[in-house]
Amino acid sequence: MRALLGSAIEAHRGGQLDTAEMLYRRTLQMQAGQADALHFLGVLCHQRSRSDEGIRLIRMALRATPQHADAHNNLGNIHKETGNLVEAETCYRSALACNAQQHDALSNLALVLEARQRPDEAFEAYAALLAQAPQLARAHYLMGMYLRSHVRTIEDVEQAVVCFRNAVRCDGANVRALDALGVALYMLGRRDEAIGVYRDWLVREPSNPVPRHMLAACGGETAPPRADDDYVRNVFDGFAESFDEQLLKNLDYRAPRILVDALNAVLDPPAGVLDVLDAGCGTGLCGPLIRPHARRLGGVDLSGGMVEKARQRGGYDELVVAELTAYLQANPGAWDVVLSADTLVYFGDLLPILSAAHATLRPGGWVAFTLEAMEGDGDRVELSSSGRYRHTRRHVERVLAAVGFGRVNIATSSLRKEVGKPVAGWVVLARRRPPGSE
Ligand SMILES: C[S@@+](CC[C@H](N)C(=O)[O-])C[C@H]1O[C@@H](n2cnc3c(N)ncnc32)[C@H](O)[C@@H]1O
């Protein structure tokens with residue numbers, strides 16, 4: 001029975017989920033109530049989107065072995081990932097009551113406290129983790145991220161830099177820390193040091209598109225006309241994994257709501273009659289908001305990881321993994337509405353993408369998108385230190401006019417917060433001229 005369980009765990013670790021599930025079940029047939037088999041089968045069920053079954057199985061395991069810290073921690077993870085933060089917190093605390101040195105449970109508890117808007121308690125948990133595990137790169141990294149996202153004074157960012165440097169010292173392969181370090185340095189205006197970090201990262205990983213893009217964002221190389229496909233895939237496939245965590249932390253992210261409100265003001269009341277494309281759909285946050293207008297709702301995104309999340313969220317009639325410009329160009333006259341929240345910020349030159357958006361719309365159709373605002377009267381675009389582009393109002397107006405859009409409305413709004421400060425954005429609506437007027 002031990003050998004069978006060992007094979008199940010090996011298959012599970014190797015990603016052979018069918019085999020692992022079958023072996024866990026055979027183990028349980030031989031010994032009903034075997035705690036490890038129940039526990040790991042529960043984790044596997046969650047991985048296969050059967051979270052309720054996973055929770056039930058891990059609870060059974062915990063009835064058999066109530067002092068199983070890892071099982072409490074994994075049960076907490078399922079609750080966290082399914083949005084039940086209250087239960088998640090309870091589970092992490094139970095794990096720590098079984099084993100106060102369970103580093104994963106302590107870092108998870110800190111993340112959940114932060115997500116539950118209890119920053120002081122979260123800080124204490126991060127500090128306890130650092131005190132417990134000063135050689136753990138993740139402990140330094142998490143403290144740095146906490147300090148960077150709860151900036152009160154410039155010293156917090158300086159302290160975050162120290163944390164990220166410590167994380168890299170503990171684990172030279174921790175490129176997330178290098179990434180975070182580069183951003184923190186740029187925030188402090190230490191541009192040359194940031195450029196140094198990205199160059200160092202490129203030496204470690206010469207083919208990684210992220211440091212290449214960020215080097216350009218810091219002015220260390222010429223900016224490309226839009227973010228490279230590999231960069232977008234790399235960043236967002238990684239982001240999809242931690243999406244729940246990030247979303248919970250960034251409660252101020254409002255672009256989908258703002259965009260759909262703007263569309264509601266120009267469209268007829270929702271009647272489920274329009275063909276709507278969510279362009280750069282990501283994990284599908286716009287889907288449920290725009291759905292009442294849609295007869296057919298499509299989503300397209302370059303990141304397979306993000307699209308998979310949108311698929312799990314549901315509500316779309318079709319989801320496609322593709323580069324946006326090429327996809328729009330390949331589908332002329334296909335949509336009544338194209339909306340794009342926080343996606344054209346990865347496009348510097350707006351002409352190709354907005355020409356393609358114009359062509360994919362039916363006459364009279366609307367494109368709606370958000371951009372990060374660049375102040376000033378000129379016609380300008382810049383790749384900013386965040387890795388996203390910012391555009392002046394005049395630039396947006398000129399491109400929309402050049403492409404041939406008729407009615408254009410550009411409003412200002414704060415789309416989300418970055419480093420505690422609102423990020424100013426443009427909320428743009430543009431209409432392809434109605435039939436007979438083109
Ligand atoms: C910040 S997310 C926004 C996602 C979603 N619209 C939302 O508001 O939650 C930006 C998305 O744009 C996608 N994206 C960026 N450049 C793209 C391109 N050239 N083609 C297709 N998708 C792209 C990314 O993969 C990512 O999912």
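The values are calculated or read from the model by the stated rules, or taken from the named source; none is laboratory data. Everything numeric here is computed off the predicted structure, so don't read it as measured data. Backbone-built Cβ (ideal geometry, glycine too); neighbour counts: all protein chains shown. The protein model used for the area step is the full one, side chains on, heavy atoms only, and it has no ligands, DNA or RNA in it. Shrake-Rupley method; radii C 1.70, N 1.55, O 1.52, S 1.80 Å.
The mean of 1/r over all distinct Cα pairs in the stretch 247-431, once inverted, gives the Kirkwood hydrodynamic radius of 16.4 Å. Shape descriptor for the stretch 172-318: Rg over Rh equals 1.07 (Cα atoms; Rh from the Kirkwood inverse mean 1/r). Beta bridges per DSSP, both residues in the stretch 247-431: antiparallel share near 50 percent. For the stretch 424-436, backbone phi angles converted through the Karplus equation (6.51, -1.76, 1.60; θ = phi - 60°) give residue-by-residue couplings of 6, x, 9, 10, 10, 10, 9, 10, 5, 4, x, x, x Hz, Gly and Pro being listed as x.
When you count the other C-beta atoms within 10 angstrom of each residue and take the mean per peptide, 362-375, 152-165 line up highest first as 362-375, 152-165.
Placing unit charges on each Cβ (+1 for Lys and Arg, -1 for Asp and Glu) gives the stretch 254-349 a dipole about its Cα centre, and among Y346, L302, L289 the Cα reaching farthest toward its positive end belongs to L289.
Only helices reaching 15 angstrom along their own axis (Cα) with mean Kyte-Doolittle hydropathy no lower than 1.0 count here, and for the DSSP H runs of the chain these are 175-187, 255-266. With the convex hull drawn around the C-alpha atoms of the chain, the volume per residue stands at 156 Å³. If you plug the beta carbon distance of R152 and R199 into 1/(1 + (r/R0)^6) with R0 = 22 Å, you get a FRET efficiency near 0.10. In plain terms, the chain from R63 to N84 could stretch by 5.5 nm, reckoned as 0.36 nm per residue minus the Cα-Cα distance. Over the chain, dividing the summed -39,500 (n - 2.57) contributions of all DSSP H runs of at least 4 residues by the number of residues returns a 222 nm mean residue ellipticity of -17500 deg cm²/dmol. Computed over the stretch 337-398, the alpha-carbon pair-distance distribution with 5 angstrom bins reads 4, 18, 27, 25, 16, 7, 2, 0, each value a whole percent. Given R0 = 35 Å, the distance between the Cβ atoms of R2 and Q312 translates into a calculated FRET efficiency of 0.50. Rounded to the nearest 5, the antiparallel percentage of DSSP beta bridges internal to the chain is 50%.
Modelled spin labels at R26 and A265, positioned 7 Å past Cα toward Cβ, are 6.4 nm from each other. For the chain, the solvent-accessible area works out to 44 Å² per residue, with a probe of 1.4 Å and every protein chain left in place. Out of A357, A97, A216, any idea which swings most in a Gaussian network model of the chain, alpha carbons joined below 10 Å? The residue that fluctuates most here is A97. Charges were assigned to the Cβ only: +1 to each Lys and Arg, -1 to each Asp and Glu. The resulting dipole of the stretch 2-222 about its Cα centre is roughly 400 debye.
By DSSP, the beta bridges lying fully in the stretch 323-438 are antiparallel in about 75 percent of cases.
Counting only Cα atoms, the size of the stretch 2-222 along its three principal axes is 63, 39, 28 Å, in decreasing order.
Scanning residues 5 or more positions from E372 or on other chains, those with amide H under 5 Å from its amide H are H391, W426, with H placed 1.01 Å from N in the peptide plane.
Calculation over all alpha carbon pairs of the stretch 73-188 in 10 angstrom steps from 0 returns a P(r) of 16, 42, 33, 9, 0 percent. Derived scalar couplings between HN and Hα for the stretch 278-285 equal 8, 8, x, 5, x, 7, x, 5 Hz in order, rounded to whole Hz, by the Karplus curve 6.51 cos²θ - 1.76 cosθ + 1.60 (θ = phi - 60°), x for Gly and Pro.
Each 10 Å bin from zero up to the one holding the largest Cα-Cα distance in the stretch 373-438 carries the following percent of pairs: 19, 45, 25, 9, 1.
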